[in-house]
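Quick note: the coordinates plus some simple rules give every number you see, no bench work behind them. Just so it is clear, the structure is predicted and the values come from calculations on it, not from any experiment. Cβ: placed from backbone, ideal geometry, glycine included. Neighbour counts: every protein chain shown.
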Ligand SMILES: Nc1ncnc2c1ncn2[C@@H]1O[C@H](COP(=O)(O)OP(=O)(O)O)[C@@H](O)[C@H]1O
Ligand SMILES: [Mg+2]
């Protein structure tokens, strides 16, 4: 089943100062219901732009994007977003941050509290409910942001390099926790990263984008059993990373050369 259909999308930024930038050109892609899809590509290839278009934060000016058969018209509670820089309210505690999204859903107070608790537990933050973001580590902030997004139960999760700002250890931990959460309650996830290992580990399909203007260069099936504890060191995993890295590298080189001209 198809969840999101992206059809011939082109996006040009027209900054008030400076030249227009063609960020995306003729992007067509189908995201399946409840799949974990990674978008991979060199910096500046339009990954965030594509995610913002799906989120409804940027208008689709050329081509179409539809979710469940309906063209998107602005952001909606059906799509939850998690960005690289944790967008928590600094003046609210973890619990208040998670409750925030639930307040608009019209649930009774007790129910809201129960849902917030469930998701705070799920991301391993129980005991920190009353902490403010300034009292949390980077990894904990990102967990809180994920809990807040998951609590409203969006059918689509849009994540833009959510672990990019974390140290390697925290990042590895968060990756396996996210996979655990997704396996326990699958949703349609579009996960932007420039890290090939991360893409192969998390996603069932990896979309490699070309250097700007971004296009779909290749779609690779990475859906094999990754539950073994040493999967990251397996030959199959390594081969897949090498193959995809080859594709990304070509584009990264093009992006570099483009900058030089
Ligand atoms: N608001 C903007 N105005 C002008 N150009 C932009 C704007 N946002 C992004 N761009 C440009 O569009 C291209 C794609 O950006 P982006 O989607 O952020 O790429 P990525 O997320 O893959 O690094 C880049 O060249 C970037 O500089
Ligand atoms: Mg980006």
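Once you have a ≥ b ≥ c as the square roots of the Cα gyration tensor eigenvalues for the range 103-259, tell me rounded if a/c is under 1.5, and otherwise prolate or oblate according to whether a/b is larger than b/c. Prolate is the answer for the range 103-259, as a/c is 1.5 or above and a/b outweighs b/c. Estimated from helices alone, the mean residue ellipticity of the chain at 222 nm is -12000 deg cm²/dmol (sum of -39500 (n - 2.57) over DSSP H runs with n ≥ 4, per residue). Using a simple spin-label model with pseudo-atoms 7 Å out from Cα toward Cβ, residue 254 and residue 132 lie 4.8 nm apart. Please give the Cα centre distance for the range 146-204 versus the range 76-101, rounded to the nearest Å. What the calculation gives is 15 Å, centre to centre. A Förster radius of 30 Å combined with the Cβ-Cβ distance from residue 224 to residue 185 puts the calculated FRET efficiency at roughly 0.90. Computed from label points 7 Å out along Cα-Cβ, the spacing between residue 239 and residue 58 is 3.7 nm. Taking the range 104-126 and a reference point 7 angstrom along Cα→Cβ of residue 91, no backbone N atom is nearer than 16 Å.
Averaging the sequence gap over all C-alpha pairs within less than 8 Å and six or more residues apart, then dividing by the number of residues, gives the range 83-153 a relative contact order of 49 percent. Would you mind calculating the relative contact order of the chain from Cα pairs under 8 angstrom and at least 6 residues apart, reporting the percent as a whole number? About 26 percent, as a whole number. Is the shape of the range 83-153 best called rounded, prolate or oblate, per the rule: a/c under 1.5 gives rounded, else a/b larger than b/c gives prolate, else oblate, with a ≥ b ≥ c the square roots of the Cα gyration tensor eigenvalues? The shape class here is prolate. Against the compact-protein benchmark of 2.2 N^0.38 Å, the Cα-based radius of gyration of the range 1-158 scales to 1.17. Label-to-label distance for residue 177 and residue 108 is 3.1 nm, based on points extended 7 Å past Cα in the beta-carbon direction. When the chain is treated as a Gaussian network with alpha carbon springs shorter than 10 Å, the biggest mean-square fluctuation among 173, 157, 232 belongs to 173. Across 187, 111, 226, mean-square fluctuation computed from a Gaussian network of the chain (C-alpha pairs under 10 Å connected) peaks at 111.
Across the range 1-124, C-alpha contacts under 8 Å between residues 6 or more apart give a mean separation that, scaled by the residue count, equals a relative contact order of 22 percent.
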